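Every number here is computed from the coordinates shown, using simple stated rules; none is lab data. Predicted model, so just to flag it, every value in this text is computed and none were measured. When we count neighbours, we look across all protein chains shown, and the Cβ atoms used for this are built from the backbone with ideal geometry, even at glycine.
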Amino acid sequence: MNQDDLLFAKTHEWVAITTEDEGRFATLGLSAFAVEELSDLVFIELPEVGRQVKAEEPFCEVESVKAVSDLYAPVSGEVVAVNDTLPDALETLKEDPYGAGWIAKIRITDDAGLTHLMDYKTYQRQCEEEG
Amino acid sequence: MKNTQDTELLFDLSRPGRRAARLPACDVPERPLSELLPSTALAQTPPNLPELSEPQVVRHFVNLSTQNMSVDTHFYPLGSCTMKYNPKRNERAASLPGLADLHPYQPDSTLQGILQILYELQEMLQEISGLAACSLQPAAGAHGELAALLVASAYFRDLGQKRSIVLVPDNAHGTNPASATMAGFQTVSIKTTSAGFVDMAELTAHLSEQVAVLMITNPSTLGLFEPNMRQIADQVHAVGGLVYLDGANMNAILGITRPGDFGADMQHYNPHKTFSGPHGGGGPGAGPICVTERLAPYLPVPLVVRQNEQDLQKNGDSPPVYRLDFSRPKSIGQVRAFFGNVGVLLRAYAYLRTHGPEGLRRVAENAVLNANYLLSRVKTMLPVPQGDRCMHEFVASAAQLKAEKNISAMDIAKRLLDYGFHAPTVYFPLTVAEAIMIEPTESEGKQTLDAFAEVLSHILQEDPQLLHDAPHTTSISRPDEVRAARHPILSHPEE
């Protein structure tokens, strides 16, 4: 996926919104900037499929040699799929953060969280300030 | 000098039949084990244990121990850990037979000495914190946090209030959110300002009658004393919440200010930090907690109490004067076996009695003075984003160096080992990029601080590649941390 087509949360998750027959979905992952900042990753705890998540609440955990970090759900909804290959291939998060490095797919039940997301350019400005 | 042979794995050193002691033949009739124990209690095969001589075992462990860094061998400015010198007199006091050889099931009447010490320690910790009651039970700092939050939980339950939120500023200790979650609360993080203080607008926005506790680390992990502390506490109290002080940084304020006086309702101590108990090695830590009068009924049992002498006389009882009080109906219960981790508590007692009130104040003054002196030297080499002044520690940043020369906080930390200094804490707190957190403690003289500053200055001029490959002088250089975390080898291959 092209980063320009994605939305970003201030907590560094990216989101791709798709509309399918069963409703609207958010596929999400961790931005290239965040993966770089975390440095060497050692562990990811994926959410369970079927779990209800609430926007801006932690739902997944990544651990690097530096620290453990929460991932925050960018939208409210139900986890319908997770990328099971990640725990054994964490390098994917670094190599292809916006494609093969996707983390979870959520069926959106409430659009409220979407208004807090920003486009890539705005997100990049935030990263420059943090970096 | 370097002995690599004796530091091989014990299983690799093992040879069949080798023994530390050979016993003479048994002079009473031997009976097979199967006659003495039921078959369900017997293993099919003997355990696979290494077979070694006594000198081999001694050499193995002594050689390994010399590859370690400790407060007894090196300057150890590990921020947030208060690695002060552990006086040897504490060890002597704690190993006196009258203390070390007691059994916890002895009757109270034969334990009066140690109970008096523990009672006096409770009193001293209460006085230092400005709080009314103390439990010595928790086994370590984070356990103290958990116990105190359970006390808060019991208190609100008793009041019939449902409060689910614990607020934690992002400059607090990393254990705070974990303790709140363990105690069944929902943690909400409060942002700090660029100056490193609690953002008051953010705090106000999060305050409600859902808030049970605000956990604050003051002085914070940035080594700063919160200037709005009183106001913060008042606001939390105004919505009926409690203020918890993470006491890990008490070394900066001993005898100067008291958490109870600036609005805390509960706090823990880390005797292994503040009161010079050893970190590990000499035994486990402890995490005594102090609370206000209204929270006292919920403290873990047992508390050590001193019986009123008039009551003793009135009842015609003879001492014991000191006893363990289990009869506290509102208590959250027992959180640790027996009296808690008494060994480290005894060391704390010895330390407190050695220093006295005046001495304790000097400890804090010198810890703060040392940190400010080192800050004044380090900030000319590495930016200290929040650092015109500090309390007991400060946080420098290698972010600029990383951008310009690709030298990271980790590279600097690793290279310091080559010069005989233990590394500072790195990458914590998370609010500072490429953080290097330095806490010299009061134990060091100016000579050591100058030597450290000069080595740091020298390192920053070195070839970056030399730093990337450091340490060069330790028995192993950089372990593969990713592999160690993801594919650890936890047993000998033959197991």
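Quote to one decimal, in nm, the extra length available between B:Q210 and B:D234 on full extension: 0.36 nm per residue of separation minus the C-alpha distance between them. Could the numbers behind the result be given before it?
Values: separation 24, 0.36 × 24 = 8.64 nm, distance 1.62 nm.
Fully extending the segment from B:Q210 to B:D234 adds 7.0 nm.
The average projected area of the stretch B:363-482, computed from the convex hull of its Cα atoms over all directions, is 7.6 nm². Distance between the modelled labels on A:D5 and B:H468, one decimal in nanometres: 3.6 nm (7 Å Cα→Cβ projection).
For B:H279, B:H492, B:H268, which order do you get if you count the other beta carbons within 10 Å of each Cβ and list the fewest first?
Values: B:H279 19, B:H492 13, B:H268 30.
By the 10 Å Cβ count, ascending, the order reads B:H492, B:H279, B:H268.
Students often get this wrong, so check it: of A:K10/B:K402; B:K414/B:K446; A:K54/A:K105; B:K273/B:K414; B:K2/B:K84, which have C-alpha atoms separated by over 21 Å? List each step's numbers first, then the result.
Values: A:K10/B:K402 24 Å; B:K414/B:K446 23 Å; A:K54/A:K105 14 Å; B:K273/B:K414 24 Å; B:K2/B:K84 29 Å.
Check vs 21 Å cut-off fails for A:K10/B:K402; B:K414/B:K446; B:K273/B:K414; B:K2/B:K84.
Here the calculated FRET efficiency for A:K54 and B:S491, from their Cβ-Cβ distance with R0 = 60 Å, stands at 0.90, rounded to the nearest 0.05.
Each residue in A:E48, A:E13 was given a count of other beta-carbon atoms within 10 angstrom of its own, and listing them fewest first yields A:E48, A:E13. Shape analysis of the stretch B:143-210 places it in the oblate category; the axes a ≥ b ≥ c from the Cα gyration tensor give an a/c of at least 1.5, with a/b not above b/c.
Per residue, the average separation of C-alpha pairs within less than 8 Å and at least 6 apart gives the stretch B:10-66 a relative contact order of 62 percent. Secondary structure note: in the protein assembly as shown, about 75% of the DSSP beta bridges are antiparallel.
How much FRET efficiency would the formula 1/(1 + (r/R0)^6) give for A:T18 and A:T115, where r is the Cβ-Cβ distance and R0 is 25 Å, rounded to 0.05? In this case the efficiency is close to 0.85. The overall shape of chain B, judged from the alpha-carbon gyration tensor, is oblate: a/c is not under 1.5, and a/b is no greater than b/c.
Across the stretch B:330-336, coupling constants 3J(HN,Hα) worked out from phi with the 6.51/-1.76/1.60 Karplus curve, θ = phi - 60°, read 8, 4, 6, x, 8, 10, 7 Hz, and Gly and Pro carry x. With the biggest extent put first, the Cα atoms of the stretch A:9-123 measure 38, 31, 23 Å across the principal axes.
How would you rank B:C26, B:C134, going from fewest to most other Cβ atoms within 10 Å of each one's own Cβ?
The fewest-first ordering by Cβ neighbours comes to B:C26, B:C134.
With an 8 Å Cα cut-off and a minimum separation of 6 or more residues, compute the relative contact order for the stretch A:1-128 in percent. Could you put the intermediate results ahead of the total?
Working: 280 pairs, mean separation 40.4, N = 128.
Computed over the stretch A:1-128, the figure is 32 percent.
Summarising the label geometry, the points placed 7 Å from Cα in the beta-carbon direction at A:D84 and B:Q307 lie 6.6 nm from one another. The listed peptides B:477-484, B:387-394, B:206-213, ordered by packing as a protection proxy, come out as B:387-394, B:206-213, B:477-484 (highest mean of other Cβ atoms within 10 Å first). Compactness of the stretch B:10-66 is given as radius of gyration and Dmax, 16.1, 47 Å, from Cα positions. Shielding of peptide A:40-48 by partners, expressed as the average count of other chain Cβ atoms within 10 Å per residue Cβ, is 2. Taking 20 Å as the cut-off, the amide N atoms of the stretch A:46-75 that come nearer than this to a point 7 Å along the Cα-to-beta-carbon line of A:A100 belong to A:46. Calculated mean residue ellipticity, 222 nm, chain B: -11000 deg cm²/dmol, from DSSP H runs (n ≥ 4) at -39500 (n - 2.57) each, averaged per residue and rounded to 500.
Of the DSSP H helices in chain B, those that are both long (alpha-carbon extent of 30 Å or more along the helix axis) and hydrophobic (Kyte-Doolittle mean at least 0.0) are B:342-378. Restricting attention to chain B, close to 55% of DSSP beta bridges with both partner residues there are antiparallel.
Work through the residues other than B:Y155 whose Cβ is under 13 Å from its Cβ and net out their charges, Lys, Arg +1 and Asp, Glu -1.
On the way: positive: B:R157, B:K162, B:R163, B:R294, B:K330; negative: B:D158, B:D265, B:E293.
Residues close to B:Y155 contribute a combined charge of +2.
Convex hull volume of the C-alpha atoms in the stretch B:89-352, normalised per residue: 129 Å³. For the stretch B:320-334, the residues whose backbone nitrogen is under 19 Å from a point 7 Å from the Cα of B:Y105, taken along Cα to Cβ, are B:324.
Any chance you could run the full-extension gain for B:K405 through B:S53? It's 0.36 nm times the residue separation minus the Cα-Cα distance, nm to one decimal.
Numbers: separation 352, 0.36 × 352 = 126.72 nm, distance 5.16 nm.
Extra length available between B:K405 and B:S53 comes to 121.6 nm.
Our note on the geometry: Cα centres of the stretch B:1-62 and the stretch A:68-131, 54 Å apart. Need one word for the protein assembly as shown: rounded, prolate or oblate. Basis is the Cα gyration tensor (sqrt eigenvalues a ≥ b ≥ c); a/c below 1.5 gives rounded, then a/b vs b/c decides. Rounded, because the longest to shortest axis ratio a/c is under 1.5. Spin-label model, B:K88 to B:R157: label points 7 Å out along the Cα-to-beta-carbon direction sit 4.9 nm apart.
Would you please give the FRET efficiency between B:K330 and A:E91, computed as 1/(1 + (r/R0)^6) with r the Cβ-Cβ distance and R0 = 41 Å, to the nearest 0.05? Could you put the intermediate results ahead of the total?
Numbers: r = 53 Å, r/R0 = 1.30.
According to the calculation, E is roughly 0.15.
Taking only C-alpha pairs under 8 Å that are 6+ residues apart, what is the relative contact order of chain B in percent? Intermediate values should be presented prior to the final figure.
Numbers: 879 pairs, mean separation 89.3, N = 495.
In percent, rounded to a whole number, it is 18.
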